[in-house]
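The structure appears below as structure tokens.
Here, each number is a calculation from the coordinates, and none is a lab measurement. Values in this document were obtained by computation on a predicted structure and should not be read as measured data. Glycine also receives a Cβ, built like all others from the backbone with ideal geometry; neighbour counts cover every protein chain displayed.
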Amino acid sequence: MSAAQWRRAMNSAAAGSAPQASLWSSSTTVAPAVRPDRTALAGWAAATEARHVFALLALVVYPWVASPFFTFQIGAQALALGMIALSLSFLAGYGGMVSLSQMTVAGIAGYAVAIFGNSTATQISLGWPWWIVVASAIAIAVLVSVFIGWLSVRTEGIYTIMITLAIGVAFFYLALQNYSIFNGHQGFHEVRPPPVLGIYWRDPVPFYHLALGCALLAYFGVKYVARSPFGIALQGVRDNPRRMNALGFDVVAVRVAAHALAGLLAAVGGVLLVWYNGLMAPGSVEMGTLIKVLVMAVLGGLGHPIGAFVGALVYVLLQNFAIDLLGTDHRDRFNLVIGGVFLLIVLCSPDGLLGWWAALRRASTGRGTASGMLRQPPR
């Protein structure tokens, strides 16, 4: 349970009972009010566990019943992009920091894989062993994310957005114009994952399972961190940084640490994405792709870790099937479609698709009252 939810629950309990009774009375007074909530929470936990098991089984079985196109082009791409969107959702939802440089961090990891590994640009690529390449790419991307956080966390709101956007645009032009390291506008081609354990990991089913494993680790990692002492402190900094500073927390350090974790998520997603595309070029980190990550996160719902993957899936589906709606010139009209879908979802539900779904569930079960909302499980 987040700090904000805990405060709302305590305030509601205090308002509905005698003064001080809900917090300081004897156990015989508190027990009747607490037991129903524990029972409801236990039932919710059992239902949630069942849903998680069913969803996990469906995700594992999916590539065996779907075509290679849907396995690789839809499923694997949505998982890789979802990890990058998850890094933004973590910063914005739990830390209150909207960063437009998450695709830049992922792109730096992708460029590091191409530079340290193998590609058609043999005069630049170093051809190191794959495990050194992956570890180095992730480490560099995390360090860059920490640097971006160190620059941006001292500001708030629109200033944070503009700083991170400026960093992303600056890196795009650096990659576009530099030929000695980034190979200019040509970029790097034939960047493939290595065959490990006799498996070629760019085949649809192996790559899907690789992306799925990384996505599951990222999702459950974020859920765990959100309920850890660090996650509670981060949410406290989001809600009231001055009070957290007065309590002895280093607000800047907490925010920079959040950027480090978000950088780790984006870096892994960037490695997967460069293996998925088989190339790394400046077009992968242009301003349109920076905004695309924000669109995915908002579509799914910034307050929900799973929302990043839901938004990425919706975006990938629209991107692949827009040609059926718009004709052969769909590239010029795709932005109009995704913009319309974005406006429709945001206007109907500021919390994205998952917020929309939660509202429909509350309406169908009759739990739209304030007391019913307090019994909702933590996100």
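Based on alpha-carbon atoms only, what is the radius of gyration of segment 41-374 relative to the globular estimate 2.2 N^0.38 Å? Provide the component values of the computation, followed by the final result.
Working: Rg = 20.2 Å, N = 334, 2.2 N^0.38 = 20.0 Å.
Output field value: 1.01.
Rounded to the nearest 20 Debye, what is the dipole magnitude of segment 41-374 about its Cα centre when Lys and Arg each give +1 and Asp and Glu each give -1 at the C-beta? Please report the intermediate quantities before stating the final value.
On the way: 16 positive and 11 negative charges, 146 e Å.
Value, rounded to 20: 700 debye.
Could you please rank His259, His52, His189, placing first whichever residue has the fewest other Cβ atoms within 10 Å of its Cβ?
Details: His259 31, His52 11, His189 15.
Going from least to most buried by this count: His52, His189, His259.
Could you point to the residue in Ile167, Gln177, Val146 farthest towards the positive end of segment 74-228's charge dipole, with +1 and -1 charges on the Cβ of Lys/Arg and Asp/Glu respectively?
Of Ile167, Gln177, Val146, it is Val146.
Taking Rh as the Kirkwood radius, which is the inverse of the mean 1/r over Cα pairs, what is the Rg/Rh value for segment 179-264? Could the numbers behind the result be given before it?
Numbers: Rg = 19.9 Å, Rh = 16.6 Å.
Here Rg/Rh amounts to 1.20.
For every other residue with a beta carbon closer than 13 angstrom to the beta carbon of Val153, add +1 if it is Lys or Arg and -1 if Asp or Glu, then tell me the sum. If you can, show how the numbers build up before the last one.
Details: positive: Arg154, Arg238, Arg255; negative: Glu156, Asp250.
Neighbourhood net charge equals +1.
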